[in-house]
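Asker: Provided herewith is a single structure, encoded as C-alpha cells, for subsequent inquiry.
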Amino acid sequence: MDYDVIILGGGIVGCAVSYELSKYNLNIALIEKDYDIADDVALINSSIVYDGLECEDTLLAKLELIGNKLIPGLASKFNICFKKKGYLLVANNRESEKRLTEIYCTALKRGIKNIHLLNPKEIYKVEPGLNENIRKAIYSENTGIISPYDLAISYGEIAFDNGVNFKLGEEVLDIENISKGFKVITNKNKFTCNMVLNTTPRENYSIDSQNKINKDRKYLKYFLIDKNTKKDYRNIISTVEENCGKMFLMPTSQDGLLIGIKDNKKISYEGALQKIKGFIKDISEQDIESSYDSLFYNDSLIIDDSLIDKGYIKVIGKHYGQITMTPVIANIVCETIVNNLNCVLKKDFVDRRREFYRFRDLSNDDRKKIIRLNKSYGRIICYCGKITEGEIIDAIRRPLGARTVEGIKRRTGAGFGNCMGSQCLCKITSILSREINKDMIYIVKDSKNSNIVKGRIKEFNEM
Ligand SMILES: Cc1cc2nc3c(=O)[nH]c(=O)nc-3n(C[C@H](O)[C@H](O)[C@H](O)COP(=O)(O)OP(=O)(O)OC[C@H]3O[C@@H](n4cnc5c(N)ncnc54)[C@H](O)[C@@H]3O)c2cc1C
C-alpha cells in the first residue's frame, strides 16, 4: 500500500484530521485540488466561535459547545489570535421576543452556562451603539472570534512537520474499492491505501452510497466597515431569525467590523443597507469599505461511517458553525480511524508550530533585534499593514509554504489594508517569483490560469 490513510480535501476539517492522525505512526497523504490548503475558509467567513446557543440542532449545538471549549487552548498552542467576545442575540418585536425566550430555555436545558436574559436598559449598557427598538436579548459570555485560516494553516503546518504528505493542486477523480483497501485516482496519480477519509463535497465517487443530507442554503451579504469610522462594538450581535432573515454584526480579529445579512432571496445592496440602518446607529454608505455575497449553510452534518468495514469515512454537509465544531469532528474521525488500524502514538510527535514574527505587533526593541539577525525584516513591503519582506519570505519558506500570492496575503495579512494591495501586489509577486525560482509570468493569484502578469511587454528582466 502507498499509504495507511488518504485524506481527501485540504479544507479546515481535512487539515484538522491530518493533524490529529499525525500523532500516530501512520503513513498519511492529504490530497487537495487547489494550490493551497484552506483556500475557501479564510476570506468569506464570520470567524465566530459559537457556543451552541443559537443552533437549531441539539447534536450540532453539543459539538459547538465542546468545540468552543477546545478552541482557546488550540489558539494559544498554535500562537494564533483568539479574542473572547460576548454574543448578544437580540429581539426587536413581540414575535421574536417570544422566540428568544424559547431559545434561552432550550440553551439552559442544553447545559450552556454563562448566558443571561437582558432587558433594554441592560442591553444598551452592554452595547450602546444599537438602535433603540430592542426589546430583549440573550447575552452569552462564551463566544469569541478566531481567524479560521490561521487555525487551518496551523493544523496543516504541524501535520506537515510530522510527516503528512500534502499533495496540492491534485484533483481526486474517483475512489475504487480494491481487494484490500482502496485505489484513489487523481488527475495526476493513482494511490493505494487502507483507509480513506473524504471531506470534499463530492458525493459521486464509485465507492459512495446514496447518503443524502438535508441541505439548507440561504443568501448572505457581507459589508466590511471602514476601520477609520471607529464604530465601537464590543460584542458579536445577531437578531433572532425571522422568515429566514437575520442580521449579524461581528468585530473582526483586526479590530474592524463586519455586518452580515441573511435572507432566503438574493439581497440588493440598497435593501441590505436599509436594513442595517434600522439595526445600528450612525451608519452611512461612506462607512462601507466593501461588500460581497456568499451562501449561508445550515445543512445537517453527518460523519458517515456506514462503509467503515471497508475503510471509508465521509464528512458530509456544510454548516455555519463548522469551524467551531472542527476540533471535535477531527477527534471523532481520528478515533474511528485509529481504532480500525493497528497503530500507536508516535514518540517523536512535535506539537508545535515553527516560530514566526508579526512585526506590527512587536516593540521597537524586539524589531531591532530581529532586523540585526535578518535584514529583510527591515524592509516594509505592505505599508498599510506594516508587513516586512522577512515575513513574506518566511510565509514562502515555512512548512507547507505559500506558492500563490493569495497564500502569502492570507499568511501574512499583506494586501488587506486600505490600498487593497495596489502598493504591494507587484512586490509580493516579485518576491515569490525570486523565492521559488519561477518566472513572474507563471506566478498565480490563487488558482490555475489566475496569473498576475499576463505576459512580457518590454525587455525588462526585473520588476
Ligand atoms: C459565509 C460563511 C461564514 C461562515 N462563518 C463561520 C463562523 O463564523 N463560525 C464557524 O464556526 N463556521 C463558519 N463557517 C463554516 C465554515 O467556514 C465551513 O463550514 C468550513 O470551512 C468547511 O470546511 P471543510 O473542510 O469541511 O470544507 P471545505 O473548506 O469546502 O474543504 C473541502 C476541500 O476539498 C477540496 N476538494 C473538493 N473537491 C476535491 C477533489 N475532487 N479533489 C481534491 N480536493 C477537492 C476543496 O478544494 C476544499 O479545499 C462559515 C461558512 C461560510 C460559507
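Rundown of residues vs (1) touching a Lys or Arg at 6+ places or on another chain (Cβ under 6 Å); (2) away from the ligand (no atom under 16 Å from the Cβ); (3) closer than 30 Å to Gly385 by Cβ, yes/no style:
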| position | (1), (2), (3) |
| --- | --- |
| Thr192 | yes, yes, no |
| Thr199 | no, no, no |
| Lys218 | yes, no, no |
| Lys221 | no, no, yes |
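Asker: Also, I was wondering about something else. Which numbered condition in (1) more than 20 Å from the chain's Cα centre (by Cα); (2) open to solvent by 40 Å² or more (accessible area, probe 1.4 Å) is the only one that Glu170 fails?
Answerer: (2)
Asker: Moving on to the next point. In this structure, is Asp282 within 30 Å of Ala91 (Cα to Cα), in the same structural domain as Val240 (by TED's automatic domain parsing) and in a loop (DSSP other than H, G, I, E, B)?
Answerer: Yes, satisfied.
Asker: Does Ile280 satisfy being open to solvent by less than 10 Å² (accessible area, probe 1.4 Å), of a type in the set (A, V, I, L, M, F, W, C) and modelled with pLDDT of 90 or more?
Answerer: It is false that Ile280 is open to solvent by less than 10 Å² (accessible area, probe 1.4 Å), of a type in the set (A, V, I, L, M, F, W, C) and modelled with pLDDT of 90 or more.
Asker: Now for a different question. Please pick out the residue among Asp232, Asp208, Asp226 that is out of contact with any His (no Cβ under 8 Å at 6 or more places or on another chain) and in the same structural domain as Ile7 (by TED's automatic domain parsing).
Answerer: Asp208
Asker: Do you know which residues across segment 141-183 are farther than 27 Å from Glu355 by Cα, among the hydroxyl-bearing types (Ser, Thr, Tyr) and away from the ligand (no atom under 14 Å from the Cβ)?
Answerer: Result: Ser179, single match.
Asker: Does segment 189-206 contain any residue that is more than 23 Å from the chain's Cα centre (by Cα), without any contact (Cβ under 8 Å) to a residue 60 or more places away in the chain and more than 23 Å from Ile302 (Cα to Cα)?
Answerer: yes
Asker: Report, ordered by the first and then the second residue, all pairs with beta carbons closer than 8 Å, sequence separation of six or more or different chains, a first member in segment 258-273 that is more than 23 Å from Tyr233 (Cα to Cα), and a second member that is assigned to a helix (DSSP H, G or I) and not charged (D, E, K, R).
Answerer: Correct list of pairs: empty, since none qualify.
Asker: Given the criterion within 17 Å of the chain's Cα centre (by Cα), within 16 Å of the ligand (Cβ to nearest atom) and under 23 Å from Glu203 (Cβ atoms), identify the matching residue among Lys314, Lys318.
Answerer: Among Lys314, Lys318, only Lys318 is within 17 Å of the chain's Cα centre (by Cα), within 16 Å of the ligand (Cβ to nearest atom) and under 23 Å from Glu203 (Cβ atoms).
Asker: To continue, here is another question. Which residues, taken from segment 283-296, are within 16 Å of the ligand (Cβ to nearest atom) and crowded, with 19+ Cβ neighbours inside 10 Å?
Answerer: Residue satisfying the conditions is Phe296 alone.
Asker: With respect to Val350, determine if the residue is at pLDDT 95 or above, within 16 Å of the ligand (Cβ to nearest atom) and not hydroxyl-bearing (Ser, Thr, Tyr).
Answerer: In short, no.
Asker: Follow-up. Considering every residue within segment 298-311, establish whether at least one is within 16 Å of the ligand (Cβ to nearest atom) and either closer than 25 Å to Asn235 by Cβ or in contact with a Leu (Cβ under 7 Å, 6 or more places away or on another chain) (or both).
Answerer: Checked against the condition, which is being within 16 Å of the ligand (Cβ to nearest atom) and either closer than 25 Å to Asn235 by Cβ or in contact with a Leu (Cβ under 7 Å, 6 or more places away or on another chain) (or both), segment 298-311 yields at least one hit.
Asker: Out of segment 297-313, which residues are touching a helix residue (DSSP H, G or I) at 6+ places or on another chain (Cβ under 7 Å), part of a strand (DSSP E or B) and closer than 20 Å to Cys55 by Cβ?
Answerer: If the condition is that a residue be touching a helix residue (DSSP H, G or I) at 6+ places or on another chain (Cβ under 7 Å), part of a strand (DSSP E or B) and closer than 20 Å to Cys55 by Cβ, then Ile303 is the only one that fits.
Asker: Something else now. For segment 450-459, give me each residue that is hydrophobic (A, V, I, L, M, F, W, C) and open to solvent by 70 Å² or more (accessible area, probe 1.4 Å).
Answerer: Ile457
Asker: The conditions are (1) closer than 19 Å to Asn45 by Cα; (2) among the small types (Gly, Ala, Ser); (3) modelled with pLDDT under 85, and Ala272 fails exactly one of them. Which is it?
Answerer: Of (1) closer than 19 Å to Asn45 by Cα; (2) among the small types (Gly, Ala, Ser); (3) modelled with pLDDT under 85, only one is false for Ala272: (3).
Asker: Helices (runs of 4 or more DSSP H) wholly in segment 344-449 with at least 1 residues that are outside the structural domain of Gly169 (by TED's automatic domain parsing) and open to solvent by 60 Å² or more (accessible area, probe 1.4 Å) - which ones?
Answerer: 364-373, 389-397, 425-435
Asker: Applying the selection to segment 47-78, what residues are of a type in the set (D, E, K, R) and within 19 Å of Tyr139 (Cα to Cα)?
Answerer: Once the filter is applied, which keeps residues that are of a type in the set (D, E, K, R) and within 19 Å of Tyr139 (Cα to Cα), segment 47-78 yields Asp51, Glu54, Glu56, Lys62, Glu64, Lys69.
Asker: Tell me, yes or no, whether segment 123-134 has at least one residue that is basic (Lys, Arg) and open to solvent by less than 60 Å² (accessible area, probe 1.4 Å).
Answerer: Checking segment 123-134: not a single residue is basic (Lys, Arg) and open to solvent by less than 60 Å² (accessible area, probe 1.4 Å).
The values are calculated or read from the model by the stated rules, or taken from the named source; none is laboratory data. This is a predicted model, so every value here is computed, not measured. Cβ coordinates were reconstructed from backbone atoms using ideal geometry, including for glycine residues, and neighbour counts include every protein chain displayed. The protein model used for the area step is the full one, side chains on, heavy atoms only, and it has no ligands, DNA or RNA in it. Shrake-Rupley method; radii C 1.70, N 1.55, O 1.52, S 1.80 Å.
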